[in-house]
Amino acid sequence: MKKLVLFSFAVLCSSLLILPTNEAAAAVQSPKRTQVVVNNHDLDSKDILNKNNQVFFSLTSLKGLGDFTIAWNNTTKQVTVKGSDTNLQLTMNNKVAQKNGTSVSLSTAPFIQNGKTLIPLRVVAEALDGSVTWNQKTQTAFVSKPSTKLLTDVKSSVLSTARNAAINLPRVSQLTEDFKPIMEVSSLQYYFPENTNDRFIEVNNNVIRYYKITKNTAYLKWQAFISEKTTTQDNLYFINRAFIKENGALPNFKDTTFANFRWMPHITSAGYGLITKENWNDVVFKQAELPQTNLKENYIIVDIPEEK
């Protein structure tokens with residue numbers, strides 16, 4: 001196995017476009033219109049409608065909840081959504097749907113607008129065994145339904161498997177703001193407290209986030225922008241840049257040993273190592289080649305032999 005000396009976070013940050021302090025607010029997502037996130041994928045605004053304080057989304061957006069087939073009957077104005085164990089029938093302008101032969105009441109009937117079939121988000125998502133979380137502050141609806149594979153893997157006794165599932169679980173935020181990286185993903189770093197898989201820190205260019213796993217969902221608990229200013233962090237000791245702005249609450253990690261993983265999409269390997277407050281800037285990271293099957297599933301976390 002090849003070894004790769006990863007640059008310190010300071011060097012990494014210097015190669016990225018970091019937000020100047022006076023531009024931090026501009027990158028905070030403050031939407032004036034409703035947003036919908038289905039299993040970590042943002043829907044296009046043209047597929048969303050907020051009508052009378054009820055959120056509707058386009059029929060095709062259902063595909064983000066799983067492997068469904070959708071059939072439209074133009075004569076009856078009825079749509080049928082079929083999954084492995086679900087058969088849902090919706091009729092336009094009708095407040096009663098059919099799920100596996102049982103009637104389901106809808107608060108508002110589905111309808112067609114500008115040639116697009118719009119369905120009530122919460123009731124239909126939950127009828128398909130998904131869950132919906134509404135963030136009033138950011139006007140965002142998070143629709144979540146982990147795949148069977150993720151539900152199995154997150155319980156795995158193999159730590160790397162459980163961690164890979166954790167970073168791919170549906171993500172939800174109840175924080176008051178939405179921080180967006182200033183550029184597309186060029187590198188990602190993940191930090192898991194040693195021997196754990198139920199919480200992690202993610203560094204995506206100039207944004208750092210902390211997630212806690214609860215009931216098969218990754219909840220965003222804290223986030224911050226990373227600036228160009230060099231400093232020493234007492235808590236997150238592996239970040240030697242100042243935070244421009246913080247949102248949420250972060251636990252005490254100052255004495256924590258982390259399993260650290262670095263992933264760059266343009267290569268097919270992941271760097272990994274155990275870091276502590278004393279050695280984080282001097283660790284020689286190892287490099288693991290990732291098979292294509294892992295890359296397709298975004299399974300980029302590997303086992304660390306030294307972690308026991």
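The values are calculated or read from the model by the stated rules, or taken from the named source; none is laboratory data. Keep in mind that this is a model prediction, so the values were computed, not measured. Here Cβ is always computed from backbone atoms with ideal geometry, including for glycine, and neighbour counts include all displayed protein chains. Protein only, heavy atoms only, side chains kept; ligands, DNA and RNA dropped before computing areas. Shrake-Rupley method; radii C 1.70, N 1.55, O 1.52, S 1.80 Å.
On the given criteria, is Ile275 hydrophobic (A, V, I, L, M, F, W, C) and within 17 Å of Ile167 (Cα to Cα)? No; evaluated as a whole, the condition is false for this residue.
Here Thr257 qualifies as open to solvent by 20 Å² or more (accessible area, probe 1.4 Å), β-branched (Val, Ile, Thr) and touching a residue at least 12 places away in the same chain (Cβ under 8 Å).
Summed over segment 149-160, the residues that are part of a helix (DSSP H, G or I), closer than 19 Å to Glu307 by Cβ, open to solvent by less than 40 Å² (accessible area, probe 1.4 Å) and in contact (Cβ under 8 Å) with a residue 24 or more places away in the chain give a count of 1.
Looking only at segment 51-67, which residues are under 15 Å from Trp134 (Cα atoms), of a type in the set (S, T, N, Q) and touching a residue at least 60 places away in the same chain (Cβ under 8 Å)?
Quick first cut of segment 51-67, residues under 15 Å from Trp134 (Cα atoms) only: 53-57.
Still in the running and of a type in the set (S, T, N, Q): 53-54.
Gln54, the sole residue that qualifies.
Selection of strands (runs of 3 or more DSSP E) fully inside segment 201-308 by the criterion of at least 3 residues being among the aromatic types (Phe, Trp, Tyr) returns 217-230, 258-263. From the list Thr86, Thr69, the one residue that fits, being open to solvent by 30 Å² or more (accessible area, probe 1.4 Å), at pLDDT below 90 and among the hydroxyl-bearing types (Ser, Thr, Tyr), is Thr69. Applying the set (1) of a type in the set (Val, Ile, Thr); (2) farther than 30 Å from Gly130 by Cα; (3) at pLDDT 95 or above to Val283 leaves exactly one unmet item: (3).
Surrounded by 12 or more Cβ atoms within 10 Å (Cβ to Cβ), free of Cβ contacts under 8 Å to residues at least 24 places away in the same chain and either touching a strand residue (DSSP E or B) at 6+ places or on another chain (Cβ under 6 Å) or under 21 Å from Thr140 (Cβ atoms) (or both), is that true of Lys95? If you could, list the steps in order and put the result at the bottom.
On the way: surrounded by 12 or more Cβ atoms within 10 Å (Cβ to Cβ): yes; free of Cβ contacts under 8 Å to residues at least 24 places away in the same chain: yes; either touching a strand residue (DSSP E or B) at 6+ places or on another chain (Cβ under 6 Å) or under 21 Å from Thr140 (Cβ atoms) (or both): no.
No, not satisfied.
Mind checking which residues of segment 267-282 are in contact (Cβ under 8 Å) with a residue 24 or more places away in the chain and open to solvent by 20 Å² or more (accessible area, probe 1.4 Å)?
Filtering segment 267-282 for residues in contact (Cβ under 8 Å) with a residue 24 or more places away in the chain gives 268-275, 277, 280-281.
Matches in segment 267-282: Thr268, Leu274, Lys277, Trp280, Asn281.
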